[in-house]
Amino acid sequence: MATDSVTKVLERYGIGAKGKGKAKHVVNVDMPPAALVEEALNRHEGKLAANGSLVVETGKYTGRSPKDRFVVDTPDVHSKIAWGTTNVAISQEKYEKIRDAVAAYLSERDLFVVRGMAGANRKHARKFMVTCERASQALFITQLLVRPTDGERKLYGEPDFTILAAPGYKCDPERDGVNSEAAVIINFAERTIVVAGTGYSGEIKKSIFSVMNYLLPVEDNVLSMHCSASMDPVSHETAVFFGLSGTGKTTLSADPKRLLIGDDEHGWALGEGIFNIEGGCYAKCDGLDERHEPEIFRAVRFGSLCENVVLNDARQPDYDDVSLTSNTRVGYPVEHIPNAWTMGCGQEPSVVVFLTCDAFGVLPPISRLSADAAMYHFVTGFTAKVAGTEVGIEEPVPTFSSLFGEPFMPLDPMVYAKMLGERIERGNTRVYLVNTGWIGGSYGTGHRIELVYTRNLVARALDGTLENAKFIHDDIFNLDIPTTCPGVPDNVMVPWELWPSKSLYDETAHTLAGMFQENFEKKYAHLPENVKSAGPRG
């Protein structure tokens with residue numbers, strides 16, 4: 001049942017207040033995962049799989065809906081938010097109309113309230129109170145947020161942010177001034193997030209991350225990062241991995257020889273180190289199997305929430321069945337990973353790795369970046385789609401996502417890039433760009449680099465061995481390339497050596513370099529010359 005502090009917060013939104021849904025619902029607070037699973041099953045929200053996980057279907061929305069994400073344009077954030085197609089403004093008036101309608105809707109239903117935290121480093125943590133219509137979503141966010149200790153729960157008090165999650169409420173675009181029946185709205189002045197009309201739990205997770213990506217840099221001088229992190233179990237040397245979907249971020253960071261700090265969201269506080277913003281993982285399930293990703297495969301057990309995973313007649317998950325969506329997902333606590341560092345904090349990174357899947361086949365398997373080049377590639381966030389992945393794609397198509405997580409970054413990209421540059425210079429941090437994509441030619445003629453080679457390259461970058469190699473400079477991409485690495489053939493290290501001809505390589509390389517330059521001029525022409533000049537030269 002609701003505590004006095006929870007009741008007070010809910011009544012502030014008109015939920016449970018006199019005359020507004022009084023005695024029409026039960027408020028369940030901080031229920032343990034087992035109880036939430038029972039409630040979800042009793043309410044027919046999902047099914048129990050043979051591996052013990054709770055499996056639900058999210059309905060119309062099986063992924064994030066970027067066009068339905070808004071930030072309320074209030075005076076306190078107006079001059080700070082990077083407004084545009086990613087951070088779309090909505091008026092206070094429209095927000096209040098939707099918020100009040102969602103609150104009235106929730107007043108008619110039993111609720112599941114989760115009081116969690118974002119930030120394993122308590123000095124920089126924020127308290128999030130998530131009010132859910134569904135027990136299954138309460139299970140999800142219970143596992144994904146940092147779970148307070150018993151002592152912290154007793155002293156929890158007022159949350160820093162409140163989330164109202166109502167997947168059953170449908171917005172009316174004409175009436176509400178939004179784009180569809182779904183809306184995800186962040187109000188920094190009121191410290192409220194409304195998630196309406198979508199059952200995809202990733203919207204809750206990423207809205208919290210978006211909030212932290214504003215609060216941490218602005219209020220705490222902490223760099224927030226869309227990255228994974230791991231550390232050496234003996235020396236505690238720490239590394240972070242940035243990368244868009246399909247670049248191998250989860251695979252390379254989940255090294256059983258290292259301790260996993262977190263797989264998706266971290267903060268970097270100068271002089272303090274890094275910390276996991278979350279307390280769980282949200283992994284893709286498409287094609288998941290025990291041989292290739294044993295840690296994740298075994299993490300899908302009781303207490304986990306699977307979204308849109310198809311079960312066979314024996315209730316076994318069929319991870320190859322993507323009939324509902326290719327974006328099948330599972331959320332689980334980080335403790336489900338055997339080599340997880342559950343404290344969630346590590347020392348300041350000695351290595352930063354940017355992962356890209358280059359389908360043009362011209363970027364080197366690994367290259368070393370200066371601090372300026374690191375800022376360039378950080379704001380650029382390059383990877384490439386390949387032929388066959390989408391209708392109409394017949395040759396590699398570049399994808400640029402600022403900071404390797406543009407949809408979740410409310411501030412100007414250079415705010416984050418400058419913070420990264422400062423940290424790299426202060427800590428003499430080594431930075432590498434790693435191509436997990438094609439070598440010896442573009443997609444269709446070359447081949448994807450062997451995973452064992454990439455693992456060796458990353459391992460030697462982390463332990464410092466790579467620095468002993470001879471480096472050559474790539475004038476087209478303005479990169480320093482090591483020519484040797486233990487466990488990797490020398491002809492793999494320098495990209496043009498595997499191509500049928502140097503002239504064909506140069507032609508393709510100049511094409512991609514031109515795409516880099518065009519993207520930079522279009523989106524980042526205002527950035528300093530030292531950053532611009534650190535990128536490809538065409």
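Side notes on the structure shown:
- Scan of the stretch 250-268 for residues that are open to solvent by less than 10 Å² (accessible area, probe 1.4 Å) and either touching a Lys or Arg at 6+ places or on another chain (Cβ under 8 Å) or hydroxyl-bearing (Ser, Thr, Tyr) (or both), ordered by number: 253, 268
- For the stretch 275-305, the candidate set comprises residues that are farther than 18 Å from residue 57 by Cα and part of a strand (DSSP E or B); within that set, the residue that is modelled with the lowest pLDDT is 281.
- Only one entry of 123, 127 meets the criterion of being more than 20 Å from the chain's Cα centre (by Cα), open to solvent by 40 Å² or more (accessible area, probe 1.4 Å) and not hydrophobic (A, V, I, L, M, F, W, C), and that entry is 123.
- Residue 12 being under 25 Å from residue 157 (Cβ atoms) and open to solvent by 40 Å² or more (accessible area, probe 1.4 Å): yes
- Conditions (1) open to solvent by 30 Å² or more (accessible area, probe 1.4 Å); (2) assigned to a loop (DSSP other than H, G, I, E, B); (3) of a type in the set (Gly, Ala, Ser); number of the one not met by residue 534: (1)
- Hits in the stretch 346-359 (condition: buried (at least 23 other Cβ atoms within 10 Å of the Cβ) and either out of contact with any Gly (no Cβ under 8 Å at 6 or more places or on another chain) or not in a loop (DSSP other than H, G, I, E, B) (or both)): 346, 352, 353, 354, 355, 356
- Residue that is surrounded by the fewest Cβ atoms within 10 Å (Cβ to Cβ), among those in the stretch 332-341 that are more than 13 Å from residue 302 (Cβ to Cβ) and not β-branched (Val, Ile, Thr): 338
- Within the stretch 185-249, strands (runs of 3 or more DSSP E) holding 2 or more residues that are open to solvent by less than 10 Å² (accessible area, probe 1.4 Å), modelled with pLDDT of 95 or more and closer than 28 Å to residue 347 by Cα: 222-231, 238-243
- Taking every residue in the stretch 334-345 that is of a type in the set (S, T, N, Q) and pairing it with any residue that is open to solvent by 20 Å² or more (accessible area, probe 1.4 Å) and not in a loop (DSSP other than H, G, I, E, B), at least 6 positions away or on another chain, the pairs with Cβ-Cβ distances below 6 Å are 339/259; 342/335.
- Residues that are charged (D, E, K, R) number at least 3 in none of the strands (runs of 3 or more DSSP E) confined to the stretch 413-514.
- Just one of (1) exposed (fewer than 14 other Cβ atoms within 10 Å of the Cβ); (2) not in a helix (DSSP H, G or I) fails for residue 518. It is (2).
- Qualifying positions in the stretch 362-374 - open to solvent by less than 10 Å² (accessible area, probe 1.4 Å) and either under 19 Å from residue 456 (Cα atoms) or charged (D, E, K, R) (or both): 363, 364, 365, 366, 367
- Filtered residues of the stretch 306-324 (kept if in a loop (DSSP other than H, G, I, E, B) and on the phi < 0 side of the Ramachandran plot): 309, 312, 313, 314, 316, 319, 320, 321, 322, 323, 324
- Flag for residue 177 being at pLDDT below 95 and crowded, with 16+ Cβ neighbours inside 10 Å: yes
- Taking the listed residues 490, 463, the one that is within 15 Å of residue 353 (Cβ to Cβ) and surrounded by fewer than 17 Cβ atoms within 10 Å (Cβ to Cβ) is 463, with no other qualifying.
- Summed over the stretch 151-163, residues that are buried (at least 17 other Cβ atoms within 10 Å of the Cβ) and over 21 Å from the mean Cα position of the chain (by Cα) total 2.
- The residue pairs whose first member lies in the stretch 69-85 and is more than 20 Å from residue 216 (Cβ to Cβ), whose second member is open to solvent by 30 Å² or more (accessible area, probe 1.4 Å) and in a loop (DSSP other than H, G, I, E, B), and whose beta carbons are closer than 7 Å, counting only pairs six or more residues apart or on different chains, are 73/91.
- Test result for residue 407, over 18 Å from residue 371 (Cβ atoms), open to solvent by 10 Å² or more (accessible area, probe 1.4 Å) and under 24 Å from the mean Cα position of the chain (by Cα): yes
- For the stretch 76-111, a residue qualifies if it is in a loop (DSSP other than H, G, I, E, B), of a type in the set (D, E, K, R) and closer than 30 Å to residue 26 by Cβ, and the qualifying residues are 108, 109, 110.
- Taking residues in the stretch 90-107 that are within 14 Å of residue 170 (Cβ to Cβ), and partners anywhere that are of a type in the set (Phe, Trp, Tyr), the pairs with Cβ atoms closer than 6 Å and at least 6 places apart or on different chains are 102/169; 105/169.
- Inclusion of residue 196 among residues that are of a type in the set (A, V, I, L, M, F, W, C), touching a strand residue (DSSP E or B) at 6+ places or on another chain (Cβ under 8 Å), over 30 Å from residue 178 (Cβ atoms) and touching a residue at least 60 places away in the same chain (Cβ under 8 Å) is not warranted.
- Test result for residue 434, in contact with a Gly (Cβ under 9 Å, 6 or more places away or on another chain), surrounded by fewer than 17 Cβ atoms within 10 Å (Cβ to Cβ) and among the β-branched types (Val, Ile, Thr): no
The values are calculated or read from the model by the stated rules, or taken from the named source; none is laboratory data. None of these values were measured; they are calculated from a predicted model. Please note: Cβ atoms are built from the backbone with ideal geometry, for glycine as well, and neighbour counts cover all protein chains shown. Note: areas computed on protein heavy atoms with side chains; ligands, DNA, RNA excluded. Shrake-Rupley method; radii C 1.70, N 1.55, O 1.52, S 1.80 Å.
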